Amino acid sequence: MFSRRVPDDRRPNRLAAVLADLRRRGVPLIDLTVSNPTRVGIYYPETLLAALADARALTYRPEPFGLREAREAVAEMYLRRGVRIAPDRIMLTASTSEAYSLLFKLLCDAGQSSVLTPVPSYPLFDHLTRLDAVTDRRYALAYHGAWEVECGDLDRAWTPDTRAVLAVSPNNPTGSALTARDADELVNRCAERRVALMLDEVFCDYPFAEAPLLDPPALERGDCLLFRLGGLSKTAGLPQLKLGWIAVSGPTRLVDEAADRLELICDTYLSVSMPVQVAAPALLAATSPIRDQIRDRVRHNYRALHRAVAESDAGVSVLAADGGWSAVLRVPAIASEEALALDLLTRDGVVAHPGFFFDFPHEAFLVVSLLPQPDTFARGVYLILERVHAA
Ligand SMILES: Cc1ncc(COP(=O)(O)O)c(C=O)c1O
């Protein structure tokens, strides 16, 4: 009766089952997997959401791509990053996840098309592709002191049914930003093979260094069809508002046709609520203190992580990264990642993701969120280092 888009086996993995049990029993835990910025002591002024009560939202003005003023505000935000995109090339969505789904509908035929996704990367790609009946083929990011695209692997994964290459910059969980060389390699191939590039930039506001993350020059060349994805979830630290966007650029004829086709898709769903569209310009302006707090938090924890690791002799290292909300620890592969993560959970009350959750090419890695409150984060890292040292 049911489609194969939803897997038959939906049982939680071992770690998730143990975690659920500990939570049920009320065991106190240090959660180094938290990805919800509204639950980590970031200050959100009580008036922040006042713009959602704007009476202009009482009148429903359905627009396939969303209200013009909201799209103008998103275009201005891009301009501040040095990226020039016209408001009529911006489409509002209910989330970045929905943006992926809309783009798969635009580019892929059910059961007959593939997209190339990086590994290690965002685990949700598995479900996002499957739910749209798209084949997910993986290409490797390799770590040689910094992460880079394995071009040989990308070419091996590429087949005649490939319709898009997905890239995430900075990537989740590696924190690696697309380098100029990687952007060149991706754009050249996408342009030559007439395949779209989908660039998820949800973490672009959170560089670890003081300097902003620069847009690789190849993205500006305009010779491949490029879809940039972003949203309030990360940019404003407001995942509950459900507002994302797609920004299209590239060869004019292709961009025009993509926009024309997307109009039909977006018009079919009209999924973005009126209040959030009306509020978007005010929200984007008012949330810069939230962004600043989150940026300070991840930078603080990232530096603390480096210090703690440098002072420990547990044989752990922090992989180099450019930004985002997480960091990767390489740990000695004495026990399996799963055994280590289970030990941390049951003996130390620390929740950390093992590398295999993100399909790291080999063991042993742990991924930690940089969002927790600094004391909590430092205590969790201390317990990880102690546990690894004792192994
Ligand atoms: C790389 C990446 N893209 C997209 C999303 C989802 O964003 P949204 O809440 O806008 O769907 C996440 C959430 O963690 C993410 O890590």
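Please treat every number below as a calculation from the coordinates, not as lab data. Values in this document were obtained by computation on a predicted structure and should not be read as measured data. In this analysis, Cβ positions are derived from the backbone assuming ideal geometry, glycine residues included, and neighbour counts consider all displayed protein chains.
For the reader, a short list of remarks on this structure follows.
- T117 being within 16 Å of the ligand (Cβ to nearest atom), farther than 18 Å from K234 by Cα, outside any helix (DSSP H, G or I) and in contact with a strand residue (DSSP E or B) (Cβ under 6 Å, 6 or more places away or on another chain): yes
- From the list A321, A304, the lone residue that is under 29 Å from L22 (Cα atoms), among the small types (G, A, S) and surrounded by 15 or more Cβ atoms within 10 Å (Cβ to Cβ) is A304.
- Residue match in the range 131-154 (condition: under 30 Å from M274 (Cα atoms), within 15 Å of the ligand (Cβ to nearest atom) and within 15 Å of the chain's Cα centre (by Cα)): no
- For the range 59-97, the set of residues classified as within 16 Å of the ligand (Cβ to nearest atom) and crowded, with 22+ Cβ neighbours inside 10 Å consists of G66, A70, V74, I90, M91, L92, T93, T96, listed by residue number.
- Of all residues in the range 226-237, those that are in contact (Cβ under 8 Å) with a residue 12 or more places away in the chain have Cβ atoms under 6 Å from Cβ atoms of residues that are part of a strand (DSSP E or B) and near the ligand (Cβ under 8 Å from one of its atoms), 6 or more apart or on another chain, in L229/D200; G231/G244.
- T268 falls short on exactly one of the conditions (1) within 19 Å of the chain's Cα centre (by Cα); (2) among the polar types (S, T, N, Q); (3) surrounded by fewer than 22 Cβ atoms within 10 Å (Cβ to Cβ), and that condition is (1).
- In the range 187-212, the residues that are in contact (Cβ under 8 Å) with a residue 40 or more places away in the chain and among the aliphatic types (A, V, I, L, M): A196, M198, V202, A209
- Among the residues of the range 163-177, those identified as more than 11 Å from the ligand (Cβ to nearest atom) and within 14 Å of F227 (Cβ to Cβ) are R163, A164, V165.
- Taking the listed residues D184, D223, D215, the one that is more than 26 Å from L319 (Cα to Cα), among the charged types (D, E, K, R) and touching a residue at least 12 places away in the same chain (Cβ under 8 Å) is D223, with no other qualifying.
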